[in-house]
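Notes follow the structure.
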Amino acid sequence: MDVSHLLDELNDAQRQAVTAEDGHLLVLAGAGSGKTRVLVHRIAWLIQVHHVSPMSLMAVTFTNKAAGEMRGRVGRLLDLRPEGLWIGTFHGICHRLLRMHAAEVNLPDTFQILDSEDQYRLVRRVIRDQQIDEGEHPPRQVQGFINHHKDEGRRPGQIEHFDQGFQARQVEIYQRYQDYCERSGLVDFAELLLRSVELLRDNPERRAHYQARFGNILIDEFQDTNTLQYALVRLLAGERNHLFVVGDDDQSIYGWRGARVENVAHYNRDFQPELIRLEQNYRSTRTILEAANRVIDHNDDRMGKNLWTEGEQGEPIRRFAAFNAEEEAEFVIARIQDWIAQGGRPSDCAVLYRSNAQSRLFEQTLLREDIPYRVYGGLRFFERAEIKDAMAYLRLLHNPHDDTAFERVINVPARGIGERTVARIRDHARTNGQSLAQAATEQVAQGGLSARAGHAVRSFLALVADLTEACGSASLAGAARAVVERTELVAWYQTREPADRAEAREENLSELVRAADSFQQPFEDEQAGLSPMASFLSQAALEAGEHQAERWEDCVQLMTLHSAKGLEFPLVFMAGMEEGLFPHQKSIEEPGRLAEERRLCYVGMTRAMQRLYITHAESRQTYGQTSFSRPSRFVAEIPEPLIESIRSGFRVTPAASGREAPPDTGGLALGASVRHSRFGSGTVVSLEGQGPNARIQVNFEDAGSKWLVLAYANLERIG
DNA sequence: GTGCGACGATTTTAG
DNA sequence: ATCGTCGCAC
């Protein structure tokens, strides 16, 4: 068989990885070095050359997007239907395992997945039921505590605690939360992994079965794995299976959410893999790569890697020092306008920032200039309130004893059932070991509620019964349509929210019906005996949906540096490059966290293909207060020859770049003594710019050094 | 039981 | 500044 097409377009290192003999591999894949191509071609190589059955391959990623892309590319390359392939996210694959072996891990066939919000509400419920002070144990924090320990593989009994107060209490909440989940057949995200690990660890037959099945396991973004994920990999690998691990220690930016970059070292220790470095970059100019290399070089304990390119040197990186955040936004949007004016597309431009709050000024300015844009982040489709409401009704139809769903919608839309009534139902359920639905039914029948509350609860139960009947024989889409139509969610949102907001919710609910209508049940779910409804509910939790999937217009892209990982853009702006913001204040004290910030900077820089701007502002509004800051240390880590500074006072447009007028002194000379109404007296140390843009740097005796716009500074000459 | 005003926190986030 | 949660008044 001719397999040259699998190798033709690969460089030496890529080819070496794709064609490696059996054994373990560690592919250190630098940014833009073609790692997805290597993974895809490796899978094809294994199937076509090593004659590995597609059924015995497992490929694991972190995001559905990455899994989908890999699946699609493998399918195209091999011209096969990639259905039998186990390509998926850690969570997706674990979900599949648990569905297949639900009974063995003590889960009902109907187990449900809790997303973060469901989990939060449940944790809060448990805390309240225990009458524990929410101030001392904030649900968010307890949720973090539970997830942290689960990610480390710990059950409540395995957590060391050193007191009988606070820590013991946290463990107790974890225990009770877990008990509740067990009783109700609920599984949170971390639990999907933990149960799977326990299944393989404690059940020798299952372990042997899967170890015999998956002779080749490929893992993407390995630097992002947490303790549990690495444990799973080890269990699946066993003694004989071959691991193909792809990662980049320099792109580890998720330590704060449990990722263990040390897993790369552990993998080296545990499996002694062959090391292959992919260092040739196909994305950025030489200038950008050199700058990024030099920045990341300030980190210690790297595996070491030097990105290079055969491409051209390209333009210098441009740095803009803005007076304030507004001016920074003006500058960025003006450069985007230049780009568009020269025939560039808006969607080629990305504005990257450290924290979401920074997006606002860019949005305002883009809106004003009438440039289309898209902000990443925020709630995804299945996380929106109205969608979660409708989904809760669907969950109740699927399983009337789903208490999480019951609690969410018993009074949504509002029908006069308040906290007192719900508490009464909850009590009744607890004393009789019933679900909330059962308890509510009994309470209504026994007249255990006030006339008014009883009537309201009865109407809720009637609605659910009505829906159940209507949906008994209906399709998934029919059920979704019935829910949207009969619950009157749309009308409810209309009464309590401004028209535009309510309209968006209405559109989303229609979209939900469309989504249900076009839902294709995955083959393996069908095989596992799941109903389409059960599949749909799981999938909604597991794939919350693209942020604004349909909007594929030609838009400027606004996102955090974290969300930018894995993407690339011809024109990139890194905004807010200031000490305290990036690196973030909370990361500055600890060396480990600072190193992670630097990797984030490296990730950001390596997103740029052609042109990279780095901007910072002297002052900006943070939490409603004006704050002043110095440029980020990362800016200074870029070697001078690679970077060109632009200051307010002369606008560089590509056509007119390099023309600088002499600074306008406005009658003030260097060394002059001046007084400012707020900052007091000081000495002029620098001047630049012209006319209304002229700025002056003054070293104030008390307030330190500041840049001021001459026209507004109102300086009084003294001495 | 519902609705509004005070209060406090506020980095990053996929599944 | 802004958002979400909590407490108190209708």
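The values are calculated or read from the model by the stated rules, or taken from the named source; none is laboratory data. This structure is a prediction, so every number in the text was calculated from the model and none was measured. All Cβ positions, glycine included, derive from the backbone under ideal geometry; neighbour counts span all protein chains shown.
Scan segment A:490-531 for residues that are modelled with pLDDT of 90 or more, within 16 Å of DNA strand B (Cβ to nearest atom) and not in a helix (DSSP H, G or I) and jot them down. Answer for segment A:490-531, where residues must be modelled with pLDDT of 90 or more, within 16 Å of DNA strand B (Cβ to nearest atom) and not in a helix (DSSP H, G or I): there is none. Summed over segment A:620-637, residues that are within 15 Å of A:Pro583 (Cβ to Cβ) and away from DNA strand B (no atom under 16 Å from the Cβ) total 5.
For the residues A:Arg283, A:Arg269, A:Arg294, the requirement of being free of Cβ contacts under 8 Å to residues at least 12 places away in the same chain, more than 16 Å from DNA strand C (Cβ to nearest atom) and either part of a helix (DSSP H, G or I) or surrounded by fewer than 23 Cβ atoms within 10 Å (Cβ to Cβ) (or both) singles out A:Arg269. For A:Ala334, the stated conditions hold: it is of a type in the set (A, V, I, L, M, F, W, C) and surrounded by fewer than 17 Cβ atoms within 10 Å (Cβ to Cβ). The requirement of being outside the structural domain of A:Phe573 (by TED's automatic domain parsing) and either surrounded by fewer than 20 Cβ atoms within 10 Å (Cβ to Cβ) or in contact with a helix residue (DSSP H, G or I) (Cβ under 9 Å, 6 or more places away or on another chain) (or both) is satisfied by A:Asp402. When segment A:36-91 is limited to residues that are over 24 Å from A:Tyr282 (Cα atoms) and among the aromatic types (Phe, Trp, Tyr), the one that is surrounded by the fewest Cβ atoms within 10 Å (Cβ to Cβ) turns out to be A:Trp86. Elements of the type helices (runs of 4 or more DSSP H) sitting completely within segment A:1-85 and holding at least 2 residues that are in contact with a Pro (Cβ under 6 Å, 6 or more places away or on another chain) and more than 17 Å from A:Asp248 (Cβ to Cβ): these cover A:64-78. Has segment A:407-417 got any residue that is surrounded by 21 or more Cβ atoms within 10 Å (Cβ to Cβ), touching a residue at least 24 places away in the same chain (Cβ under 8 Å) and among the acidic types (Asp, Glu)? No - not one qualifying residue is present in segment A:407-417.
Conditions tested, residue by residue: (1) assigned by TED's automatic domain parsing to the domain that holds A:Thr404; (2) among the charged types (D, E, K, R); (3) touching a Lys or Arg at 6+ places or on another chain (Cβ under 9 Å).
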| residue | (1), (2), (3) |
| --- | --- |
| A:Gly68 | no, no, no |
| A:Arg76 | no, yes, no |
| A:Cys94 | no, no, yes |
| A:Leu107 | no, no, yes |
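Exactly one residue out of A:Glu688, A:Glu660, A:Glu640 is modelled with pLDDT under 70 and loosely packed, with under 15 Cβ neighbours inside 10 Å, and it is A:Glu660. Any chance segment A:394-416 includes a residue that's out of contact with any strand residue (DSSP E or B) (no Cβ under 7 Å at 6 or more places or on another chain), over 23 Å from A:Glu469 (Cβ atoms) and among the basic types (Lys, Arg)? No, the conditions are met nowhere in segment A:394-416. Against the numbered list (1) within 9 Å of DNA strand B (Cβ to nearest atom); (2) buried (at least 24 other Cβ atoms within 10 Å of the Cβ), A:Ala617 comes up short only at (1). The number of residues in segment A:53-99 being in contact (Cβ under 8 Å) with a residue 60 or more places away in the chain and small (Gly, Ala, Ser) comes to 4. Determine, yes or no, whether A:Arg277 is surrounded by 17 or more Cβ atoms within 10 Å (Cβ to Cβ), farther than 29 Å from A:Gly247 by Cα, in contact (Cβ under 8 Å) with a residue 40 or more places away in the chain and more than 16 Å from DNA strand B (Cβ to nearest atom). Against the criterion (surrounded by 17 or more Cβ atoms within 10 Å (Cβ to Cβ), farther than 29 Å from A:Gly247 by Cα, in contact (Cβ under 8 Å) with a residue 40 or more places away in the chain and more than 16 Å from DNA strand B (Cβ to nearest atom)), A:Arg277 does not qualify. For segment A:577-609, the tally of residues that are in contact with a Leu (Cβ under 9 Å, 6 or more places away or on another chain) and not polar (S, T, N, Q) stands at 11. For segment A:245-285, filtering for residues that are within 26 Å of A:Glu312 (Cα to Cα) and touching a strand residue (DSSP E or B) at 6+ places or on another chain (Cβ under 8 Å) leaves 10.
If only residues of segment A:418-444 that are of a type in the set (A, V, I, L, M) and over 20 Å from A:Leu186 (Cβ atoms) are counted, the one that is surrounded by the fewest Cβ atoms within 10 Å (Cβ to Cβ) is A:Ala423. Across segment A:469-493, what is the total count of residues that are more than 17 Å from A:Lys388 (Cα to Cα) and surrounded by fewer than 18 Cβ atoms within 10 Å (Cβ to Cβ)? Matching residues across segment A:469-493 total 7.
Can you give me the ranges of the helices (runs of 4 or more DSSP H) entirely in segment A:532-620 with at least 1 residues that are within 27 Å of A:Asp370 (Cα to Cα)?
Hits in segment A:532-620: A:561-564, A:591-605.
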